[in-house]
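Colleague: My questions all concern the structure below.
The values are calculated or read from the model by the stated rules, or taken from the named source; none is laboratory data. These numbers were taken from a predicted model, which means no experiment stands behind them. When we count neighbours, we look across all protein chains shown, and the Cβ atoms used for this are built from the backbone with ideal geometry, even at glycine. Side chains included, ligands, DNA and RNA excluded: accessible areas come from the protein's heavy atoms. Shrake-Rupley method; radii C 1.70, N 1.55, O 1.52, S 1.80 Å.
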Amino acid sequence: MRYVLDLGGLGQLLAALRQRGFRLIGPVVADGAICYGEITSAADLPAGWTDEQDGGTYRLKRRDDGALFGYNVGPQSPKKYLFPASATLWRSHPPGTADTDDEKPFAFIGVRSCELHAIAVQDRVFLGGQHPDPLYAARRDGAFIVAVNCGQAARTCFCVSMSAGPKADAGFDLALTELTGEGGHRFLAETGTPRGEEVIADTPGAQPASPRDATAADQIIERTAAQMGRAMPAVDLRDLLYGNLEHPRWDDVAARCLTCGNCTMACPTCFCFSVEDVTDLAGRAAERNRSWDSCFTLDHSYIHGGPVRTSARSRYRQWMTHKLATWTGQFGTSGCVGCGRCITWCPAGIDITEEVAAIAADT
Amino acid sequence: MWADTEPWRLAAARRESADTVTLGLEPPAPFVFDPGQFNMLYAAGIGEVPISISGDPGQRTRILHTIRDVGAVTHALCATPPGTEIGVRGPYGSHWPLHTAEGGDLIIVAGGIGLPPLRPAIYQALRHRDRYQRLVLLYGARTPRDLLFTGELARWRGRFDLTVEVTVDVGDRDWRGNVGVVPDLIGRVTFEPGTATAFMVGPEIMMRFTVRALLERGVPEDRVFLSMERNMQCAAALCGHCQLGPFLLCRDGPVLSYRQLARWISLREI
Ligand SMILES: Cc1cc2nc3c(=O)[nH]c(=O)nc-3n(C[C@H](O)[C@H](O)[C@H](O)COP(=O)(O)OP(=O)(O)OC[C@H]3O[C@@H](n4cnc5c(N)ncnc54)[C@H](O)[C@@H]3O)c2cc1C
Ligand code: SF4
Ligand code: SF4
């Protein structure tokens, strides 16, 4: 079902979610970017802000229509909460305890289509195998998702070519499209689950959408799709990369790559972590911690005798072939959803679509 | 999943060489594994590492692990006094496809610390000796002093139904055996390449040359099996460290056929 709600209605919707015991996580302006953080009401949302992105650049800018979701994606994604950057897996005191989340379930507000796809990818990684991750499961369990269909695309976006957007197609409880023009500032809301329907029923301001509002929302999404700043070349990526593991382009990109790992930290699907066992000084209490790791570090491939992937060439190749080709063999899905974060947050402005295009052009 | 399993008790430790020790661990309940599988062993507060099971799969109450002391965790494990409790998770990974080998010759090739992960397969093949034609073990170490399981090797050599060839990179005054690298042994033994199956573990470079020698003699790619090694931190196909191309070695490996690996192991730094 499709509904329409105004700003007041959105406030009621968030209140209804809080009432149901959810912990609200949404976009907030922090550290010069739009990040994910705890919010309590619609007043915390980044009204009138947008972002301008390109290879190696990100800038916050004002926009004059007061839009709440008028930006694209920031450096973070819901991964920050579902798979936190560091966590304790096990503690000896009290015996057998861990960082399982006994707090309230999350409600994520403003999740983009590429991020829904990224969550689906991480669900497969962390929950789809023989040994599901209890920490991820606890945080993911019962999470409520309010998606937002993008009203614009950034110059770094290429979700269309990855079949991952811009319209939220699955994996949400509610999906909003923000309308700011004629007819006033309002949101078209589509329900994706019975839970979404129940929350709308608790939002007095929600009215059935008129065909005009529905058409306006569809047009916005079409316009966004037509605005994609970049595109992944339409080739069989697995064949291309498997066939070019020794291509000279890897040397070319290695000369530019700083192996800083920013791309892996910003990526909403990257899941590698390292495990560290520690004890207190007396050696009585032990703990096992995990934290995000990156295939750009030497430690990532360390085995006795030295790291396997010593050169920048081999580490960039590992990262890119993993994202676009070997991930499919491992988890039955691509590891890239076309969000463009790795392009924006790379200090060298390295662009995954351009690297693929260079190899494809020469094959 | 992480460390909530009941600890095992170290019943006995046996020194195999200057840097290698076999731990005999008693599980809280009978433990079933397939030859080639490994466990994650936890040295309290120091770390957890993958170690292959090196004992007889028929023995379910004392599980052997043969460990070379190369760093912090393996050092702590090798120095653990009997009676201590040790955290163990497993068994993980794929196993030696002994069924594939039935009916033909079985060639087992080990370099250095590669012999322990193969020993369960040797026990199994000897237990069902009639299922195989020739049974051949080729084993190399750096020096005679680095050879593992020497008493057992001597007993195996005494059997008429098992061919054992041992080589060292560098001999000493008392060494009367082969000197040279393991792949060179392939040319010295008799077997029927068309029906042979090979299992191998050792340094990657040794395995590359051994594979080449086997393929040259006509052993098919899909009957050559290697146990591969990468950094491994979770053994649950989650941490991403054990990737080798499309394989997560803790889940899809460590044992894979050369047919699966060919594209990848010919590359450097993969
Ligand atoms: C499937 C498998 C089976 C193995 N079986 C045996 C065996 O039977 N006997 C044996 O002696 N060794 C075996 N190893 C190698 C053994 O795991 C490493 O020697 C050990 O991890 C080194 O840890 P460390 O802390 O002592 O050394 P350090 O060099 O201090 O290592 C630091 C950390 O790096 C990682 N690491 C280092 N080397 C390796 C490695 N080779 N493989 C995986 N992770 C590594 C570990 O997380 C380790 O804690 C096996 C490895 C794998 C992958
Ligand atoms: S690889 Fe880059 S574009 Fe693809 S999902 Fe990760 S950050 Fe986004
Ligand atoms: S590609 Fe860019 S962000 Fe990624 S490691 Fe290299 S320099 Fe850093």
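Colleague: Averaged per residue, what accessible surface does the stretch B:182-270 expose to a 1.4 Å probe, in Å²?
Modeller: Averaged over the residues of the stretch B:182-270, the accessible area is 36 Å².
Colleague: Suppose R0 equals 35 Å. What FRET efficiency, 1/(1 + (r/R0)^6) with r the Cβ-Cβ distance, do B:Thr61 and B:Phe160 give to the nearest 0.05?
Modeller: Computed FRET efficiency for B:Thr61 and B:Phe160: 0.65.
Colleague: Debye sum, Cα scatterers, the stretch A:237-360, no solvent: what log₁₀ I/I(0) at q = 0.13, 0.17, 0.21 1/Å?
Modeller: Summing over Cα pairs of the stretch A:237-360 leads to -0.57, -0.90, -1.31.
Colleague: Quick check: Cα centre of the stretch B:14-28 to Cα centre of the stretch A:194-227, how many Å?
Modeller: Using only Cα atoms to place each centre, the spacing works out to 66 Å.
Colleague: Find, among the trypsin sites (Lys or Arg not before Pro) in the stretch B:175-258, those assigned to loop by DSSP (not H, G, I, E, B) with at most 14 other beta-carbon atoms within 10 angstrom.
Modeller: Passing both the DSSP loop test and the Cβ count: B:Arg176.
Colleague: What FRET efficiency do you get for B:Thr143 and A:Ser163 if R0 is 51 Å and r is their Cβ-Cβ distance, rounded to the nearest 0.05?
Modeller: 0.30
Colleague: Can you tell me the FRET efficiency between A:Arg256 and B:Arg259 if r is taken as the Cβ-Cβ distance and R0 is 45 Å, rounded to the nearest 0.05?
Modeller: Working from the Cβ atoms, E equals 0.80.
Colleague: Hey, what number do you get for chain A at 222 nm if only DSSP H runs of n ≥ 4 count, each worth -39500 (n - 2.57), divided across all residues, to the nearest 500?
Modeller: Only helices count here, giving -8500 deg cm²/dmol.
Colleague: In chain A, once you exclude exposed GluC sites (Glu not before Pro) (DSSP loop, at most 15 other Cβ within 10 angstrom), what's the longest stretch remaining?
Modeller: A:247-363
Colleague: Looking at chain A, what % of its DSSP beta bridges pair antiparallel, to the nearest 5?
Modeller: So the antiparallel bridges in chain A amount to around 80 percent.
Colleague: What residue among B:Thr74, B:Thr22, B:Thr163 has the largest mean-square fluctuation in a Gaussian network model of chain B, using Cα springs under 10 Å?
Modeller: The residue that fluctuates most here is B:Thr163.
Colleague: Points 7 angstrom from Cα along the Cβ direction at B:Gln133 and A:Thr88: gap in nanometres?
Modeller: 6.1
Colleague: Enter the accessible area per residue of the stretch A:264-334 (Å², integer; probe 1.4 Å; all protein chains in place).
Modeller: Result: 35 Å² of accessible area for each residue.
Colleague: Moving on to the next point. Hey, can you find the accessible area per residue of the stretch B:1-144 for me, probe 1.4 Å, expressed in square angstrom?
Modeller: Normalised by residue count, the accessible surface of the stretch B:1-144 is 37 Å².
Colleague: Something else: On the protein heavy atoms, probe 1.4 angstrom, tell me the percent of accessible surface of the stretch B:6-92 carried by carbon and sulfur.
Modeller: About 51 percent, which is the carbon plus sulfur part of the accessible surface.
Colleague: Another question, then. Okay, helix-only estimate at 222 nm for chain B: each DSSP H run of n ≥ 4 adds -39500 (n - 2.57), divide by all residues, round to 500 deg cm²/dmol; what do you get?
Modeller: -5500 deg cm²/dmol, from helical runs alone.
Colleague: For the stretch A:219-257, list whatever residues lose no less than 50 Å² of accessible surface once every protein chain is in place, relative to that chain by itself, with the probe at 1.4 Å.
Modeller: SASA drop of 50 Å² or more in the stretch A:219-257: A:Tyr242, A:Leu245.
Colleague: Tally the DSSP beta bridges in chain B and give the antiparallel ones as a percent, rounded to 5.
Modeller: Counting DSSP beta bridges with both partners in chain B, the antiparallel share is about 60 percent.
Colleague: Who wins for biggest fluctuation among A:Ala87, A:Ala143, A:Ala285 in a Gaussian network model of chain A, springs between alpha carbons below 10 Å?
Modeller: A:Ala285
Colleague: Express the carbon and sulfur contribution to the solvent-accessible surface of chain A as a percent, rounded to the nearest whole number, probe 1.4 angstrom.
Modeller: That fraction is 51 percent.
Colleague: Moving on. In what order, largest first, do A:Thr326, A:Thr57 sit by accessible area if the probe radius is 1.4 Å?
Modeller: The ranking, largest first, comes out as A:Thr57, A:Thr326.
Colleague: Right, something else. Could you tell me what percent of the DSSP beta bridges with both partners in the protein assembly as shown are antiparallel, to the nearest 5?
Modeller: 70
Colleague: Okay, next question. Label-point separation (nm) for A:Asp299 and B:Phe209, each offset 7 Å from Cα along Cα-to-Cβ?
Modeller: Roughly 3.5 nm, to one decimal.
Colleague: Report the label-to-label distance for A:Leu281 and A:Gln219 in nanometres (one decimal), using points 7 Å from each Cα along the Cα→Cβ vector.
Modeller: Taking the simple label geometry, A:Leu281 and A:Gln219 are separated by 7.0 nm.
Colleague: To the nearest 10 Å², what's A:Tyr71's accessible area with a 1.4 Å probe?
Modeller: 10
Colleague: On to the next question. Heavy-atom accessible surface, probe 1.4 Å, ligands and DNA/RNA ignored: which residues of the stretch A:119-159 lose at least 40 Å² versus the isolated chain?
Modeller: Checking the loss per residue gives A:His131.
Colleague: At 30 Å minimum axial length over the Cα atoms and a Kyte-Doolittle cut of 1.0, report the qualifying DSSP H helices in chain A, or say none.
Modeller: Helices passing the filter in chain A: none found.
Colleague: Now a separate question. Starting from the Cα of A:Lys61, draw a straight line to each of the aspartates and glutamates and keep only those under 16 Å, dropping any in the same chain fewer than 8 residues away.
Modeller: Leaving aside aspartates and glutamates fewer than 8 places away in the same chain, those within reach of A:Lys61 are A:Asp31, A:Asp51, A:Glu52.
Colleague: Here's something else I'd like to know. Calculate what fraction, in whole %, of the accessible area of the stretch B:180-270 sits on carbon and sulfur atoms when a 1.4 Å probe is rolled over the protein chains.
Modeller: So the carbon and sulfur contribution to the accessible surface is 48 percent.
Colleague: For Cα pairs less than 8 Å apart in space and 6+ apart in sequence, what is the mean separation divided by the residue count of chain B, i.e. the relative contact order in percent?
Modeller: Reported relative contact order: 18 percent.
Colleague: If I take every Cα pair under 8 Å that is 6 or more residues apart in the stretch B:43-186, average their sequence separation and divide by the length, what percent do I get for the relative contact order?
Modeller: Computed value for the stretch B:43-186: 20 percent relative contact order.
Colleague: Under a straight-distance cross-link criterion of Cα-Cα below 13 Å, which aspartates and glutamates are reachable from A:Lys104, leaving out those fewer than 8 residues away in the same chain?
Modeller: A:Glu38, A:Asp141
Colleague: So, one more: Any chance you could check the stretch B:231-248 for residues losing 50 Å² or more of accessible area when the partner protein chains are in, compared with the chain on its own (1.4 Å probe)?
Modeller: In the stretch B:231-248, residues shielded by partner chains: B:Asn231, B:Gln233, B:Leu238, B:His241, B:Gln243, B:Pro246.
Colleague: With every protein chain kept in the model, how would you rank B:His241, B:His128, B:His99, B:His75 by accessible area, 1.4 Å probe, largest at the top?
Modeller: The ordering from most to least exposed comes out as B:His99, B:His75, B:His128, B:His241.
Colleague: Chain pair B, A: how much accessible area is buried, both chains summed, with a 1.4 Å probe, in Å² to 100?
Modeller: Buried area (both sides, nearest 100 Å²): 3300 Å².
Colleague: Under 8 Å for C-alpha pairs, at least 6 residues apart: give me the relative contact order for the stretch B:117-270, rounded to a whole percent.
Modeller: Computed value for the stretch B:117-270: 16 percent relative contact order.
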